[in-house]
1. Looking at Leu177, Leu195, Leu204, which is the one that is assigned to a helix (DSSP H, G or I) and either among the basic types (Lys, Arg) or exposed (fewer than 14 other Cβ atoms within 10 Å of the Cβ) (or both)?
2. What number of residues in segment 296-326 are in contact with a strand residue (DSSP E or B) (Cβ under 6 Å, 6 or more places away or on another chain) and not in a helix (DSSP H, G or I)?
3. Just give me the residues in segment 95-110 being touching a strand residue (DSSP E or B) at 6+ places or on another chain (Cβ under 6 Å), within 16 Å of the ligand (Cβ to nearest atom) and either aliphatic (A, V, I, L, M) or in a loop (DSSP other than H, G, I, E, B) (or both), in sequence order.
4. Quick one: which residue in Thr59, Thr14 is among the hydroxyl-bearing types (Ser, Thr, Tyr) and within 16 Å of the ligand (Cβ to nearest atom)?
5. Does at least one position in segment 70-84 carry a residue that is assigned by TED's automatic domain parsing to the domain that holds Ile13 and within 15 Å of the ligand (Cβ to nearest atom)?
6. Pick from segment 119-139 the residues that are crowded, with 17+ Cβ neighbours inside 10 Å and part of a loop (DSSP other than H, G, I, E, B): which of them is nearest to the ligand (Cβ to nearest atom)?
Amino acid sequence: MYEDIKKKIFEKITEYDTIILCRHIRPDGDAFGSTLAMRHIINASFPEKRVFIDRDDETENLAFMGEEGELPTDNDFNDALVIILDTAVIKRISSKRAFTGKEIIKIDHHIIETDFGDISWVEPERNSVCEMITEFWSDFKDRLVLTYDAASCLFTGIVTDTGRFKFRGTSPKTLRLSALLLEKGIDFQSIYTYLDVKEYKQILDESDLVKMIRLTPAGAAYLFLTKEVIDKYKLTAETSYDAVKLMEQIKGSLIWLVFIENDDGSYRVRIRSRFVEVEPVARKYSGGGHACAAGATVYSDEEAKNLLNDLDLRLADFKKGNPDLF
Ligand SMILES: [Mn+2]
């Protein structure tokens, strides 16, 4: 059912001389990887085209994936096709200039909040945009060139967004498409090493954070990263978000979340789960995302308590219906 949209996108790419790619702010492996891979694919397939990645922020921890390159000028946007990847919400686009392009394409796998773009290819069931781009290349294989670097970026985005093929968006198609990437001879052991190794000091700090984990009555695990904790352990936006991973192996905790204090005293909340859908609760608290991976914001301790309570009820309910499951 998406064949027509993909065809249209392919035609637009062939039509334009200047193509500008955009991702979301604070990029993860999927956002960073899909834009970089798309640039590699278009450059290799149509060497005469100019391809840029526009962005208002940078990332250090994904630098191993490659450089985002020269920024486009304001003029470059005038006749450009702009492709926005992995971004559901306009204010999260890491480019103030994205909509000054001539035509806009959106490629995404988040639940649609506000649709935008002249053409939009959105599949909320897909685990990553990198998987979608791999399929896009595969569909137009006779016209599109997948380079080694593109394959490495796409693989990185797939493994980060699927939690190394663990999350529920992982499908037979995911593995088939990933196999195509491995056929390029990519060095996946190095990719995993870049993604997974930590400084010894960080492991020690994390052991302190682990001691701050608490459980709700039904077993949902949570962690409060107050300003004080953030300062003490010098946590960045990324390492704060990553703290949610410290809880995923606790038996019986099918929901786990981290509260990260903002400067104004509100908390960003990152919620993860297995089997239990948490997105509706995230949406109730100024957030959203995927069924089992969502974000929210709470503006008071009271609201934080209510959110925990809502998730606790959800988990208790789920466990009642599935008494044998963990
Ligand atoms: Mn993604």
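1. Leu204 is the lone residue from the list that is assigned to a helix (DSSP H, G or I) and either among the basic types (Lys, Arg) or exposed (fewer than 14 other Cβ atoms within 10 Å of the Cβ) (or both).
2. Counting residues in segment 296-326 that are in contact with a strand residue (DSSP E or B) (Cβ under 6 Å, 6 or more places away or on another chain) and not in a helix (DSSP H, G or I) gives 3.
3. Scanning segment 95-110 gives a single hit, Ile107.
4. Result: Thr59 is the single residue among Thr59, Thr14 that is among the hydroxyl-bearing types (Ser, Thr, Tyr) and within 16 Å of the ligand (Cβ to nearest atom).
5. Yes: segment 70-84 contains one or more residues that are assigned by TED's automatic domain parsing to the domain that holds Ile13 and within 15 Å of the ligand (Cβ to nearest atom).
6. Ser128
The values are calculated or read from the model by the stated rules, or taken from the named source; none is laboratory data. For clarity, every value in this text was computed on a predicted model and none was experimentally measured. Cβ: placed from backbone, ideal geometry, glycine included. Neighbour counts: every protein chain shown.
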